[in-house]
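What follows is a set of notes on a single structure, which appears directly below.
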Amino acid sequence: MNAKKKTTRPSIAVPHEDALLQLKTPLLAWYPTVARVLPWREEPTPYRVWISEIMLQQTRVAAVLPYFERFLKTLPDIAALASCPDDELMKLWQGLGYYSRARNLKKAAQVIVAEYGGVMPLDFETLLKLPGIGRYTAGAISSIAGHHPAPAVDGNVLRVVTRLTLFDGDVLKDVTKRAVENALRPIYEEGPVSATLNQALMELGATVCVPNGAPHCDACPLAAFCLACKEDCTADFPKKAAKKARRIEQMTVLRLIDEETGRLALRQRPKKGLLAGLYELPHLPGHCKAADVRRALFDADYPVHHVRRLAPARHVFSHVEWDIIAYEVTLAPATGVAEHGDALLWATPAELSSTYSIPSAFQYFLPNHA
C-alpha cells in the first residue's frame, strides 16, 4: 500500500509586493528625524530589547516606561531574572496585565542560564524555542540586538503593509502574518540597517499610519506609493474578522478589614488560569445584597461589625468582562480573626504596597482607591 503523500498548504502571497521594495530608502531617511527617544533604543542590549518588547505587547509605550526602568533597576540581567522569587516578579509586573508574560520571562531566563551560560542567543530560530518568544519578538531581538536580517511583524507593521499594498488577508491569522513577513524579507540585509528598518516600520505604524483613526498621510514618507492612500481607502485596512462577544461575569468583591489590626484580607488565586497565582480580594459569585454578604460571613464564623457599599466597577479582559459590585466589611474585634484557619491571609497597608501583587481588577477596591 502506498504511503499517503504529505501536502503543505501554499503561503498566501502579498499582492503588489513591488511597493514593499520601494519603502526602504525613504523610510531609512525619515526615521532618524522623527524617532522617539526611548531607553531600550538608547542602549539596545539583548536583555533590554527583550524586556521592552515583552512589556510592549498589548501595552502603550507611555505606560511601559516607568515599569521598564523599575524592572531593570531591580533585575539588571538575565541571572537576576532567572532567580527572582515569583511574588517579587509579580509585584514588579503589577499593573501591566497579561501576567503570563512575566512568568514566561522568568522561564526563558532560566533556560538561557541553564543552556546558554546566561548569554541570550540572537539567532532567530533559537530565540523561537524560548518560552514566551514568538516570531515577532524573535525578529525584533535578532535584528535590533543582533543585527540579523529578520523582519519583526507586529500590529503596527501589519497595518503599514496592508495599507501600502491593499493586502486583504485577515491580520489576526498567523498565515497572514507569515505572508507579510515573507514579503518583507528580501529588503533586509545583515547589519545595523535591519535594526533601523524594523524600528522605522514600527515607528511609522505607531505615530503616522495609526490605528483607531485617520492616518497622517501628509506626514508619511511612503505616501507617494501607498495604494490605500492613492485610492482613499485607508479606513478599510487592515482587515480583521469580527471578534466573539466577551462573556460577562458578575461578582461581589469584599474588602474585609480586621478592625482590631487594620489588616485587609487577601487570598491567592489558583496556580493556573486567569490571573494565576496573584492575590485577590475575597469575592462571591453574582451580585449580592448586603444581607447576603452578612449571612455568608456569619456562616464562615466572621464577626461582622459594619457593611458599607462601595462604588461598582467593570474590568475587561480579552475574552471576559467582570461586572463587579463591592462592599467594605469591618470585622468586629475578636480573638483570632487574622488566624481564622482558612485560605485568607491578612495584609498590612505596607504589605499591600510592597509585597503582594494585586491585579488591576481588584485595585479599584483597595482602601487607597476608595
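Please treat every number below as a calculation from the coordinates, not as lab data. Just so it is clear, the model here is predicted, and its values are computed rather than measured.
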Handout entry: Extended-chain gain in nm, criterion 0.36 nm per residue less alpha-carbon gap, GLN268 and GLN110
Key = 54.4 nm
Fill in the blank from the handout: Normalised per residue, the volume inside the convex hull of the alpha-carbon atoms of segment 248-319 in Å³ amounts to 115 Å³
Handout entry: Surface/4 of the Cα convex hull for segment 18-236, nm²
Key = 11.6 nm²
Practice task
Report the far tail of the P(r) of the chain, meaning the percent of Cα-Cα pairs longer than 29 Å.
Solution key: 53 percent
Problem - Per-selection Kirkwood Rh - segment 247-369 (Cα, Å, 1 d.p.) - result: 14.8 Å
Practice task
Across segment 18-236, how many lysine pairs, 8 or more positions apart or on different chains, have C-alpha atoms separated by under 23 Å? Please give the number.
Solution key: 11
Fill in the blank from the handout: For segment 68-135, the Debye formula with one identical point scatterer on each Cα and no solvent gives log10 I(q)/I(0) at q = 0.17, 0.24, 0.25 Å⁻¹ as -0.60, -1.11, -1.17
Exercise for the section: Once you have all Cα-Cα distances for segment 152-222, histogram them in 10 Å bins from zero and send the whole-percent values. Expected result: 20, 53, 26, 2
Exercise for the section: Give me D for segment 209-253 in µm² s⁻¹, whole number, from Stokes-Einstein with Rh from the Kirkwood sum over alpha-carbon pairs, 37 °C and 0.692 mPa s. Expected result: 244 µm²/s
Handout entry: Potential extension, ARG309-ASP323 segment - 0.36 nm per residue separation minus Cα distance
Key = 3.5 nm
